[in-house]
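The values are calculated or read from the model by the stated rules, or taken from the named source; none is laboratory data. Remember, predicted model here, so these are calculated numbers, not experimental data. Glycine also receives a Cβ, built like all others from the backbone with ideal geometry; neighbour counts cover every protein chain displayed. Only protein heavy atoms, including side chains, enter the accessible area calculation; ligands, DNA and RNA are left aside. Shrake-Rupley method; radii C 1.70, N 1.55, O 1.52, S 1.80 Å.
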Amino acid sequence: MENTKDLLKRLISLPGLSGYETPVREAIADAWRPLADEISVSPLGSLHALRRGQGAEPRPRLLIAAHMDAIGLMVSQIVDGFLRITEVGGIDARILPGQPVIVHGRRDLPGVILQPSPRLLPPHLGEKSAIEMDYLFVDTGLTPEEVSALVRVGDLVSFAQPPLELGGDTLVGHSLDNRASVAALTACLEELQHRRHLWDVWAVATVQEEETLGGGWTSPFNLRPDLAIAVDVTHARGPGVNQDYRAFGLGKGPVLGWGPNIHPALFKAFKNLAERLDLPHAVEVMPRHSGTDAIAMQVVAEGIPTMVISIPLRYMHTPVEMVSLKDIQRTGHLLAEFITGLEADFVAKISWED
Amino acid sequence: MDPQNLPLDLLERLSNACGVSGDEGEVRKIVLEAVKPLADEVKVDALGNVLAIKKARGEPALRVMLAAHMDEVGLMIVDEEEGGLYKFEIVGGIDPRQLPGKPVWVGKDRLPGVIGARPIHLTTPEERKSAIAAESLRIDLGPEGGKKAKPGDRAVFATPFKVVGPSVMGKALDDRLGVATLITLLERAPSHLEFQAAFTVQEEIGLRGARVAAYTLNPDLAFALDATPANDLPTWDGSENTTYNARLGHGPAVYVADGATLSDPRLVRFLLQTAAAHHIPYQIRQPGGGGTDAGAIHRQRSGIPSASVSVPIRHAHSAVAVARLDDWANTINLMLHTLQALTPDILAPERS
Amino acid sequence: MKELIRKLVEAAGPSGYEQSVRDLIKEEVTPYADEIRVDALGNLIVRKGQKREGGLRIMTAAHMDEIGVIVTHIEDDGFVRFTTIGGVRPHTCLGGRVQFINGVRGVIGGEKLESMDRVHSFDKLFIDIGATSKADCPVKVGDVAVFERPFLDLGKRLVAKAMDDRIACAIQIETLRRLGNTPNEIYLVFTTQEEVGTRGATPAAFGIDPELGLSVDVTLTGDTPKGIKMAVALGKGPAIKVRDSGMLADPRIVRWMVETAEKANIPYQLEVLDGGSTDARAIQLVRAGVPSGCLSIPCRYIHSPSEMVDYDDVQNAVALLVALLSNPITLG
């Protein structure tokens, strides 16, 4: 079984933009197949893996969602062999100029994002202005004829930054949002191989979180879990976000969500567990909503009690996202401990009178 | 319903209770106490909605859902600073200009605190031209206030409810008026309908409770009971006020359209015909903007014909709202007569 | 097909009040449909075919509603204040004519502005229906109206208000007429309230529970002087949507549409749209998820009273939709 770091490096080297997750889904399915009793794919392409519990039937169900889609770009128009681009997911255009990319045309083509010189831009964009995506181009180095044979409108463009290991157990690359959580969920499933749990566990790698929360809206509908947990990334403290209450220490453990998008009983259970395990952790208050699949999952059909567990990550939505491998391992361990400790009547015992 | 017989005690308790979106426990407690003796089935769902059903006598009966939201707009503490000062964020739609210089209640223990403002002496005329930014405001629990509250605690305007002549003043009249109305209607539920009372959560942050409540209840039709802003003050230049939305003293506000729902015309017609038949004053809430739980309800399952009826209130989403007892009484009356007269025939013709 | 299009675009059916359009369409589809029903939100659902070997349960959607205006206040001297239903822009209002669904007609006027080169905001506009007082005004708060322009046949190009999305309604009707034997169970839905947030499509899809969803709607073009940068142009064929601002079309559906068009020798374009979305984004997220896509009709000047399409594009869209729905489907 692959270790977390190698699995994660492999996952972030595979394309899997929102709506086009197949390449990374296949890799995750390979990793999960030995860890699950059943594997299936939802109508929108989410990966569903079931680990049956040992409790008596009918067994309650826990769903853990980690979105597998990543942000990137898409060809919107081809002009003289240069590619105009639009975003898939939320991208600050200011990080784009000079980025190496891969254009997924008839075959994968290396390219670079260009910022045209000021004289080719409208007069209102001066030297200090941010250049919107509309004005940027991707240059593949090929002639216009070659481009029109190999690339067309709608083709995807992903970041080409290869994974980097910086010291202190950190990993850097694109798509760590949210492949880091997929790796954490995988670590949890590995731990469960050697442990007993009463509940059925559905590990779900959701699609399209970055665009429509599509997987979050649809996977719980037929699975109808009794509880749902979203595992995602949150902001780690660093340049520009050091004093922000919405940022947490890199390497200081998983972050537990609190707010209207979270069921207080689930927060309490995770907080008590993290303290009992002496696991470094932090609490993230989210006044309105969590910015994760939990937004959707909480209000599917009759409603589902939800929890959000987050992994701190620097420079979110850039090709140089940074994450701590320790945080990923701790998250996987915390999830496994929660699952093995889940009693059959946990939901029945939830009371709102506190 | 006579204005003399209005359940003012109940409204007072509801208005004074603290229930910011996501933290409706205090209101839920009052509601549960009130509805348990009145309903055949009561349940609290995964989001904290209270669903109370009074079955009909005889089948098949029209299933009617009525929704009133328990949550209010408020604040959440997000960070603690030195000396009893706390940073906060707004939950729901509050104009930040409503915040400076206000007392608040913080947390489950209602700790008294204040949101201050820079003294005028230390400001410049230039500065006073712009609104005070919400990020610069803090909740102050006093010099001994350190560690008394924590991130995640909610805070509300510290406004005690009171009756003032023909009006009531209090916080959270949006939508404790609706909640009190719904309890009153449940007490008098007509026996030919299945009466589905949904006391919803998290309306102010996206109509979230109503969505799952409607899915669970699966009604034939639905009414949302809310409060709507009455912007009926004089205009700055004395010209005709054409954007009042609703007006105090003009009766319940019936919605044809708001920002979230195009009301089912069959339900609107029925409401207006009922009002006319019983000489109940009413107004049409000005189309456009805003939203009620009906916005989530009408899109559930295969579609649920829906409409909203609100009590007009001045200064909604601020420290002190004002409503007329007459308007509240007429809202209850309109809904009582409507429910009594409702039959499945209302849905026989196509929506038009 | 032009007469059908004319009838449809000239009908008055703003979001929430689509009944006159629905009645018109019902008349057109009744001779060809296996089953017709109207749901709780007014969606018109027309079934053709039963699911057989290799077939799927498919939902297509063309929306019946158009953008419009709704009365907010009648002034003492009979002028009518309004707000918008759907994405109406003030630029297209001043001097425009409107028709209320109760038959009353009027013209949009505006207050005096500080300078001639500003655009009115909606609160500075009003409708003049010729009343002189509140008492003699035949409209009231809550009444709804649409913009009024007659259909214009320029030969290859057709112009009207509400091409969005009556042109797609026409395409769906014509497709139904031409559909012969099919292994698919097809629900051609004429949806309501798309313009105010794809509200009708969600319940319609929930009720049908389709395995595949396809909306038919208009899309913008990049072929007008110094216009938006977009790879779609009038006259180059119907567009196969890859993405818009509300959704990513299922790649398997894009592939299926492209292969079908190429096999049937129908011209097509690939579409990436930066602003705007369709019923497909709602259908995609219903229940456990529905692989969805969109067949787009290139259209200039969307959400103005003079939307322009190319008649060849329209006919090619019908041919493509018939080809897509007539054969067994493997999404792969």
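Worth pointing out:
- Residue check for residue B:29: out of contact with any Lys or Arg (no Cβ under 9 Å at 6 or more places or on another chain), within 13 Å of chain A (Cβ to nearest Cβ), open to solvent by 50 Å² or more (accessible area, probe 1.4 Å) and basic (Lys, Arg): yes
- Subset of region A:193-226 [among the small types (Gly, Ala, Ser) and open to solvent by 10 Å² or more (accessible area, probe 1.4 Å)]: none
- Residues of region B:153-181 satisfying the condition of being out of contact with any helix residue (DSSP H, G or I) (no Cβ under 9 Å at 6 or more places or on another chain), part of a loop (DSSP other than H, G, I, E, B) and buried (at least 22 other Cβ atoms within 10 Å of the Cβ): B:153
- Tally of residues being touching a residue at least 24 places away in the same chain (Cβ under 8 Å) and either more than 14 Å from chain B (Cβ to nearest Cβ) or open to solvent by 40 Å² or more (accessible area, probe 1.4 Å) (or both) across region C:25-38: 4
- From the list A:102, A:64, the lone residue that is hydrophobic (A, V, I, L, M, F, W, C), assigned to a strand (DSSP E or B), away from chain C (no Cβ under 14 Å) and open to solvent by 40 Å² or more (accessible area, probe 1.4 Å) is A:102.
- Failed criterion for residue C:270 (all others in (1) within 11 Å of another protein chain (Cβ to nearest Cβ); (2) in contact (Cβ under 8 Å) with a residue 60 or more places away in the chain hold): (2)
- Residue list for region A:297-354, filter: among the hydroxyl-bearing types (Ser, Thr, Tyr), more than 30 Å from residue A:94 (Cα to Cα) and open to solvent by 10 Å² or more (accessible area, probe 1.4 Å): A:340, A:351
- Screening region C:82-99 for residues that are more than 16 Å from residue C:302 (Cα to Cα) and either touching a helix residue (DSSP H, G or I) at 6+ places or on another chain (Cβ under 8 Å) or part of a loop (DSSP other than H, G, I, E, B) (or both) and picking the one that is nearest to the other protein chains (Cβ to nearest Cβ) gives C:83.
- For residue C:233, the conditions (1) over 30 Å from residue C:150 (Cβ atoms); (2) within 13 Å of chain A (Cβ to nearest Cβ); (3) of a type outside the set (D, E, K, R) are fulfilled apart from (1).
- Some residue of region B:43-58 being within 13 Å of chain A (Cβ to nearest Cβ), part of a loop (DSSP other than H, G, I, E, B) and closer than 28 Å to residue B:97 by Cβ: no
- Region C:209-231: number of residues that are closer than 27 Å to residue B:296 by Cβ and surrounded by fewer than 24 Cβ atoms within 10 Å (Cβ to Cβ): 2
- Some residue of region B:191-203 being modelled with pLDDT of 95 or more and closer than 26 Å to residue B:114 by Cβ: no
- Residue count, region C:168-199 (criterion: among the acidic types (Asp, Glu) and either surrounded by 22 or more Cβ atoms within 10 Å (Cβ to Cβ) or not assigned by TED's automatic domain parsing to the domain that holds residue C:17 (or both)): 2
- Within the set A:146, A:127, A:165, A:190, the sole residue that is open to solvent by 20 Å² or more (accessible area, probe 1.4 Å) and assigned to a strand (DSSP E or B) turns out to be A:165.
- A single member of C:41, C:4 is aliphatic (A, V, I, L, M) and either open to solvent by 30 Å² or more (accessible area, probe 1.4 Å) or under 30 Å from residue B:283 (Cβ atoms) (or both), and it is C:41.
- Only one entry of C:209, C:250 meets the criterion of being acidic (Asp, Glu), out of contact with any Asp or Glu (no Cβ under 6 Å at 6 or more places or on another chain) and on the phi > 0 side of the Ramachandran plot, and that entry is C:209.
- If the condition is being open to solvent by 30 Å² or more (accessible area, probe 1.4 Å), touching a residue at least 12 places away in the same chain (Cβ under 8 Å) and within 10 Å of chain A (Cβ to nearest Cβ), then region C:236-266 contributes C:245, C:252.
- Among the numbered conditions (1) crowded, with 21+ Cβ neighbours inside 10 Å; (2) in a loop (DSSP other than H, G, I, E, B); (3) out of contact with any His (no Cβ under 8 Å at 6 or more places or on another chain), the only one that residue C:46 does not meet is (2).
- Restricting C:123, C:77 to residues that are open to solvent by 60 Å² or more (accessible area, probe 1.4 Å) and not in a loop (DSSP other than H, G, I, E, B) narrows the list to C:123.
- Single match in A:256, A:334 (criterion: within 30 Å of residue A:13 (Cα to Cα), within 13 Å of chain B (Cβ to nearest Cβ) and in contact (Cβ under 8 Å) with a residue 40 or more places away in the chain): A:256
- Checking each residue of region C:148-167 against the condition of being open to solvent by 20 Å² or more (accessible area, probe 1.4 Å), within 14 Å of chain B (Cβ to nearest Cβ), over 25 Å from residue C:323 (Cβ atoms) and not in a helix (DSSP H, G or I) gives no match.
- Lone unmet requirement of (1) open to solvent by less than 50 Å² (accessible area, probe 1.4 Å); (2) not assigned by TED's automatic domain parsing to the domain that holds residue B:11 for residue B:61: (2)
- All of B:268, B:256 fail the test of being in contact (Cβ under 8 Å) with a residue 24 or more places away in the chain, in the same structural domain as residue B:313 (by TED's automatic domain parsing) and out of contact with any Pro (no Cβ under 9 Å at 6 or more places or on another chain), apart from B:268.
- Of the candidates A:206, A:186, A:218, A:212, the single residue that is under 26 Å from residue B:22 (Cα atoms), among the polar types (S, T, N, Q) and either more than 16 Å from the chain's Cα centre (by Cα) or more than 14 Å from every other protein chain (Cβ to nearest Cβ) (or both) is A:218.
- Residue B:51 being in contact with a helix residue (DSSP H, G or I) (Cβ under 7 Å, 6 or more places away or on another chain), of a type outside the set (Lys, Arg) and open to solvent by less than 40 Å² (accessible area, probe 1.4 Å): yes
- Single residue of region A:227-248 satisfying the filter (among the small types (Gly, Ala, Ser) and modelled with pLDDT under 95) that is most open to solvent (accessible area, probe 1.4 Å): A:240
- Total residues in region B:317-334, condition open to solvent by less than 10 Å² (accessible area, probe 1.4 Å) and touching a Gly at 6+ places or on another chain (Cβ under 7 Å): 2
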